[in-house]
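Here the structure is laid out as structure tokens; the discussion comes afterwards.
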Number of protein chains: 4
Amino acid sequence: MDPFYGPGRNQLFVPGPVNIPEPVLQAMNRNNEDYRAPPVPALTKKLLADVPKIFKSTTGTPFLFPTTGTGAWESALTNTLSPRDRIISFEMGQFSLLWIDQMKRLNFDVDVVHCEWGTGVDLEILRTKLEADKEHKVKAICCVHNETATGVTNNLAAIRTVIDDCMHPALFLVDGVSSVCAIDFRMDEWGVDVALTGSQKALSLPTGLGIVCASPKALEATKTAKSLRVFFDWNDYLKFYKLGTYWPYTPSIQLLYGLRTALDLIFLEGLDNVIARHSRLGRATRLAVEAWGLKNCTQREEWYSDTVTAVVIPPYIDSTEIVKRAWKRYNLSLGLGLNKVAGKVFRIGHLGNLNETFY
Amino acid sequence: MDPFYGPGRNQLFVPGPVNIPEPVLQAMNRNNEDYRAPPVPALTKKLLADVPKIFKSTTGTPFLFPTTGTGAWESALTNTLSPRDRIISFEMGQFSLLWIDQMKRLNFDVDVVHCEWGTGVDLEILRTKLEADKEHKVKAICCVHNETATGVTNNLAAIRTVIDDCMHPALFLVDGVSSVCAIDFRMDEWGVDVALTGSQKALSLPTGLGIVCASPKALEATKTAKSLRVFFDWNDYLKFYKLGTYWPYTPSIQLLYGLRTALDLIFLEGLDNVIARHSRLGRATRLAVEAWGLKNCTQREEWYSDTVTAVVIPPYIDSTEIVKRAWKRYNLSLGLGLNKVAGKVFRIGHLGNLNETFY
Amino acid sequence: MDPFYGPGRNQLFVPGPVNIPEPVLQAMNRNNEDYRAPPVPALTKKLLADVPKIFKSTTGTPFLFPTTGTGAWESALTNTLSPRDRIISFEMGQFSLLWIDQMKRLNFDVDVVHCEWGTGVDLEILRTKLEADKEHKVKAICCVHNETATGVTNNLAAIRTVIDDCMHPALFLVDGVSSVCAIDFRMDEWGVDVALTGSQKALSLPTGLGIVCASPKALEATKTAKSLRVFFDWNDYLKFYKLGTYWPYTPSIQLLYGLRTALDLIFLEGLDNVIARHSRLGRATRLAVEAWGLKNCTQREEWYSDTVTAVVIPPYIDSTEIVKRAWKRYNLSLGLGLNKVAGKVFRIGHLGNLNETFY
Amino acid sequence: MDPFYGPGRNQLFVPGPVNIPEPVLQAMNRNNEDYRAPPVPALTKKLLADVPKIFKSTTGTPFLFPTTGTGAWESALTNTLSPRDRIISFEMGQFSLLWIDQMKRLNFDVDVVHCEWGTGVDLEILRTKLEADKEHKVKAICCVHNETATGVTNNLAAIRTVIDDCMHPALFLVDGVSSVCAIDFRMDEWGVDVALTGSQKALSLPTGLGIVCASPKALEATKTAKSLRVFFDWNDYLKFYKLGTYWPYTPSIQLLYGLRTALDLIFLEGLDNVIARHSRLGRATRLAVEAWGLKNCTQREEWYSDTVTAVVIPPYIDSTEIVKRAWKRYNLSLGLGLNKVAGKVFRIGHLGNLNETFY
């Protein structure tokens, strides 16, 4: 028996991986299958038709990479950009920071906008930078929709407005890892060129699918993008899409069936109802934090996240101890404070297949 | 209900993904967990201590990438080599061909040795090439241990002997995707620098883990390897190994517990007993093929594979039809012939957690 | 790890419990539920509407007892008969013998017709007995449809004809444990008054449901049946059926969902197709036995069972040793010879969710 | 998809069936097995050695009936008593009432002591009755340890003292359905002759095992007990115990493995720690009820139950509506008020594998 075993279920309230609903566990409780026999292509075809819906896109092309969010980031960048291309990106927490780190290591020229952790994208800085970029050297604007480290949700519509105001042709690449299927995400309306998420977040699956959706403009960009890529190459997928076999290499059979069920659950409830539920539970969490007399790490209401709340604790307490004690004493999993806010905040994840009492 | 559903179980005899044993399905039937809470690092630590054993290595450093064999290939190459580095590799079937294709696209300078499909590495050609390479421009020799498309097992010990005879310092990178845990694989003894496999093969897990093991020499090579890499970078893992948190990004909790059970099953039976079982079942399969009056695609006994048998069928029959009919009429999954042998062979996978009657 | 664990799946070919299909395992992989909340009554209502179909009855009333076949026997007897009531029954193997033993212990007056093991009901003896019973002292005729110990299937239609010819009012109680959902069973057409089966047989579920179906005449008989009964009392069920809550005590939530899926699979394939499949696999088994040069325990073709074949082995071999060796050496489970045929036969079960290759 | 499906898990707080821990679900996620092959007897042997421990008995003989608590009641009565035997029993809620109803229908002569619902056994009445029974016509005293309908726990030690004071030889039969493995139960110390429980209560399994433990005195009583019984007969089990095959009819393989894991979890935590945990959570629940300004149905602290709390609500509210709304609006399952307290109380189950946060 597991040495960590304790009575009762673990209360999993980290902002990912999140609780898996029973129907998804059931769907995944299966043997492997030959992915070249008819069922897997038929299943995949339907998944590919449905996945863009979670991004509210009718024109996007989806890719289901056997990878994590980090891999999905890499796929978004290498398929659309060439080494030394200039990117504007915003650092406002651990995850935006890690994506920026990846961009640098992949040899892009990143113009990092440093934001105080707990704040979101400064639209005026973006406007200034884009206006200054007369030669359109900036090839992409990369933004984390919901910064999981601080509980900040950025206003993507407003960013799109700034880009449009500046008539700037840069691609708009968005990390929707902790927002898609939980916080409203309108890929087409907001002109997002690459949107991505991970299976273990609001989709409430195990880790293992990096889900990427590419706009027609992004697909066009692949034709000139010189970044080396093989495992993460969209073109290999597109080639197999045309063949009707769909997979350039072996997918996880279990995750495909799990994704089918996860999407069915979301569509059954209605995506907008799912989003409204997250809004309700997010607000409830913030009210609880307020009632405890604690502060939200997110500085302004406009950035409040409906999927994660970073709770600032008094300076004489180490938040790491709170997380440890919650786990050890109550079998309750909370998120640590990361990097600049380590020890200062703990995080409550309130995303995925939850309700008022199981939460 | 699934439109493809038929009575009885599907008989899965493709050479991967293979049948999952019940204890592994049980271990994977679980909710997500916080991978930063104590159980996951404790579990990972033990996995990392045990994984090198399946490669028969005491000095190798293992990496458990959330990816497929294709990703493991990419990780092996980009962590040890720099763009334009010269590689000698052998094309003898669809999988060796795909790896070579990856090498080229990752901008390596590949010296491809074309072997007839159904044959293995020509040691004399290798010797000639290495002897000719006085300046040691060849940085790596890449070999697929067991070519899954043709059922050819290469003699890695003999390749190492050639390399040693030539006193050549090239790295020796080996794809053990369809051999490790089924066909004897002696990483340390044979001086393999990077060995890799995938979870859905002889380990009998779902797809989703690209398992890589690096020799000290390979780890040393990363220091100068200039290929761009982030998701597949060993250094990120090594950094987290030191921290004792182990994961640079979110792993699949389910696959980790599944791998634990898969390894337990292998160690319980004894790795050499597992290998002997594959040898027995491989021989039995070949005897059956002979009894049917059909020919093995593999041209010489020395290359016979104990994990997959490619059966050559008479020219007036299309093997694709056999595979289709087996699936449709008998719920029996066989492997297609691929590329050069498409239509000419069908393949029987006999690897993983099998026995004489369930097979 | 289980000390009995061996590689590969156990090949389960006993005549029950039988292999469980994956969709059923998935459906049963769930938490408990409050059986008084709306889903369980709704589920039960639909199950009760569907269960009579497997008996080919439109007028029968079904009961799903949390018990085994032995409990279902007890329920059939005690709900329709009073102590000292006379029963005619046929002993032709271990299971008919055990039912008769139960009848005696429940204080019924059993007129046992002893048949040679390997033969079925002697219709002429039945006719003679019924004709002689001018006073209608015989209250019930009890017959095992398919004697699992010998692989004998009785002709229920012919028995009904005899009863009708004699214009005898006795109830006709039938054990369909190893026939229902595999061998044609026409409750209404054959005037069966109580039919029963167990979940672990052709329904391919775990053990735990004793499924009973009562004709209107059987229900009428309960009004005067004086046998003591509480747990197995139909009236308690009927009371809760009327209330719409359906359960006098707690059912197994998991088995109800499992039964739902098991029935869905049967209806999807078509009950008559399921029966035809069993006929095909039964014939195939008998041909194999013949090819091995062995004899079927069943003496005449008219009694051949499509769900179980008892194979007579040469007298110098102990069939128990064959069964032991099959299990130990091949992880293959065969049925032992029981009682009078112990050591003389082994049994192959070929019932449930099987096909030509998984069999 | 289930029409009742809602996001998040159902919060199951009825007093049974209760939440199943993940390790138990995993252990039960398995195919059927031949129960005559070596693993099942080996498993059973160990279970039978361990089951008496949950009753704190070293001399008791356990029986694992494939049935529910109602069947376990029947087994306890029919194996130890003869028709018309006199029983003293206490009616103090729906479950004691149902057991008494069963006793009457099984033709025993029940002397029912009616207690106000919300109170426990009146020891003085018992003393008076036993003292008056000079001829020892009373053959059994039957008591529900924890009345699940009202949340009353009776003092079994005190009852035993009264019996001993009167030097009365009657058997002491106890329903421990909602107490065993949660509330201290000392079979040997308290001279309980038959103790019983059900798998779906504090053991946290699915419904399907009626677990009975018989003292040597109870076993002795079977020799003269004339009640008819077959399915529930202990002697059939004892016969198979001696043979080492253990089962007179087919058990549920899944429940046996589940029980193994359930016991392992209890022994790992320590039975007394499990009991202390229930005490802590019981007290916490009562404090919550008090804080809500509501009354406990249980009239005196000495009877407070640590597994279920029946909460009395103001007379102008129908408790059935509360339970309905909790289910519909919050996916929260609470227990209804039953019979005399229908509409007046709702019940919170706090038994099984729970902790402070998952509760």
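The values are calculated or read from the model by the stated rules, or taken from the named source; none is laboratory data. Just so you know, these numbers come straight off a predicted model, no measurement behind them. As a convention, Cβ positions derive from the backbone with ideal geometry for all residues, glycine included, and neighbour counts pool all protein chains shown. Ligands, DNA and RNA are stripped out before the accessible areas are found, and what is left, the full protein with its side chains, is counted by its heavy atoms. Shrake-Rupley method; radii C 1.70, N 1.55, O 1.52, S 1.80 Å.
With respect to the conditions (1) away from chain B (no Cβ under 14 Å); (2) in a loop (DSSP other than H, G, I, E, B), A:V174 falls short on a single one, namely (2). Checked against (1) in the same structural domain as B:T307 (by TED's automatic domain parsing); (2) at pLDDT below 95, B:P15 meets all criteria but (2). Evaluating A:F63 against the criteria (1) surrounded by fewer than 24 Cβ atoms within 10 Å (Cβ to Cβ); (2) more than 9 Å from every other protein chain (Cβ to nearest Cβ) leaves one unmet condition, (1).
For the range C:316-340, the candidate set comprises residues that are of a type in the set (V, I, T) and touching a Gly at 6+ places or on another chain (Cβ under 8 Å); within that set, the residue that is nearest to C:V274 (Cα to Cα) is C:V323. When we screen C:R329, C:R277 for residues that are of a type in the set (K, R), free of Cβ contacts under 8 Å to residues at least 12 places away in the same chain and more than 26 Å from C:A37 (Cβ to Cβ), the only hit is C:R329. Restricting to the range C:114-137, name every residue that is part of a loop (DSSP other than H, G, I, E, B) and not basic (K, R). C:C115, C:E116, C:G118, C:G120, C:V121, C:D122, C:D133, C:E135, C:H136, listed by residue number.
One residue stands out among those in the range D:101-132 that are more than 30 Å from C:D236 (Cα to Cα) and in contact (Cβ under 8 Å) with a residue 40 or more places away in the chain: the one that is surrounded by the fewest Cβ atoms within 10 Å (Cβ to Cβ), which is D:K129. Please enumerate the residues belonging to the range A:229-243 that are open to solvent by 30 Å² or more (accessible area, probe 1.4 Å) and either away from chain B (no Cβ under 14 Å) or not aromatic (F, W, Y) (or both). Across the range A:229-243, the qualifying residues are A:N235, A:D236, A:L238, A:K239, A:Y241, A:K242, A:L243. If only residues of the range D:28-50 that are in contact with a helix residue (DSSP H, G or I) (Cβ under 7 Å, 6 or more places away or on another chain) and more than 11 Å from chain C (Cβ to nearest Cβ) are counted, the one that is surrounded by the most Cβ atoms within 10 Å (Cβ to Cβ) is D:T44.
A quick yes/no check of all residues on (1) in contact with a strand residue (DSSP E or B) (Cβ under 9 Å, 6 or more places away or on another chain); (2) more than 14 Å from chain C (Cβ to nearest Cβ); (3) of a type in the set (G, A, S):
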| position | (1), (2), (3) |
| --- | --- |
| B:I313 | yes, yes, no |
| B:I317 | no, yes, no |
| B:E321 | no, yes, no |
| B:L332 | yes, no, no |
| B:I348 | yes, no, no |
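Kindly establish whether C:G343 is modelled with pLDDT of 95 or more, buried (at least 20 other Cβ atoms within 10 Å of the Cβ) and either in contact with a Gly (Cβ under 8 Å, 6 or more places away or on another chain) or not in a loop (DSSP other than H, G, I, E, B) (or both). Walk me through how you get there before you give the answer.
Values: modelled with pLDDT of 95 or more: yes; buried (at least 20 other Cβ atoms within 10 Å of the Cβ): no; either in contact with a Gly (Cβ under 8 Å, 6 or more places away or on another chain) or not in a loop (DSSP other than H, G, I, E, B) (or both): yes.
Judged against the criteria, C:G343 is not a match.
For the range A:244-279, the set of residues classified as on the phi > 0 side of the Ramachandran plot and either buried (at least 16 other Cβ atoms within 10 Å of the Cβ) or among the polar types (S, T, N, Q) (or both) consists of A:Y246 only.
Being in a loop (DSSP other than H, G, I, E, B), over 22 Å from A:V341 (Cβ atoms) and not basic (K, R) is the filter here, so list the residues in the range A:78-98 that pass it.
Step one: list which residues in the range A:78-98 are in a loop (DSSP other than H, G, I, E, B), which gives A:79-85, A:92-93.
Right, trim to over 22 Å from A:V341 (Cβ atoms) and you get A:79-85.
Selection gives A:N79, A:T80, A:L81, A:S82, A:P83, A:D85.
What about D:N353, is it part of a loop (DSSP other than H, G, I, E, B), under 21 Å from the mean Cα position of the chain (by Cα) and either more than 24 Å from C:R36 (Cβ to Cβ) or within 14 Å of chain A (Cβ to nearest Cβ) (or both)? Yes.
Is there a residue being at the interface with chain C (Cβ under 9 Å from one of its Cβ atoms), of a type in the set (A, V, I, L, M, F, W, C) and touching a residue at least 12 places away in the same chain (Cβ under 8 Å) anywhere in the range D:87-100? Please lay out each step first, then the result.
Applying the first criterion (at the interface with chain C (Cβ under 9 Å from one of its Cβ atoms)) to the range D:87-100 yields D:98.
Next, from what is left, pick out any that are of a type in the set (A, V, I, L, M, F, W, C): D:98.
Okay, now just the ones that are also touching a residue at least 12 places away in the same chain (Cβ under 8 Å), so D:98.
Yes: one or more hits.
Listed by first and then second residue, the pairs linking a residue in the range C:224-235 that is within 18 Å of D:W99 (Cβ to Cβ) to a residue that is surrounded by fewer than 22 Cβ atoms within 10 Å (Cβ to Cβ) and among the hydrophobic types (A, V, I, L, M, F, W, C), with Cβ atoms under 7 Å apart and 6 or more places separating them unless they lie on different chains, are C:L228/D:L228. Looking across the range A:150-189, the residues that are surrounded by fewer than 23 Cβ atoms within 10 Å (Cβ to Cβ) and in contact with a Phe, Trp or Tyr (Cβ under 7 Å, 6 or more places away or on another chain) come down to A:A157, A:R160, A:I163.
Of the residues A:S75, A:S57, only one is buried (at least 19 other Cβ atoms within 10 Å of the Cβ) and outside any loop (DSSP other than H, G, I, E, B); which?
Working: A:S57 fails: outside any loop (DSSP other than H, G, I, E, B).
Going through A:S75, A:S57 in turn, just one is buried (at least 19 other Cβ atoms within 10 Å of the Cβ) and outside any loop (DSSP other than H, G, I, E, B): A:S75.
When the range B:44-63 is filtered for residues that are charged (D, E, K, R) and farther than 17 Å from B:T245 by Cα, the ones remaining, listed by number, are B:D50, B:K53, B:K56.
Would you mind finding the one in D:A195, D:A218 that is more than 30 Å from C:G16 (Cα to Cα), assigned to a helix (DSSP H, G or I) and open to solvent by less than 10 Å² (accessible area, probe 1.4 Å)? Before the answer, list the steps.
Details: D:A195 fails: assigned to a helix (DSSP H, G or I).
Residue meeting the stated conditions: D:A218.
When A:D164, A:D111, A:D101 are checked against the criterion of being outside the structural domain of A:C297 (by TED's automatic domain parsing) and assigned to a strand (DSSP E or B), a single residue qualifies: A:D111.
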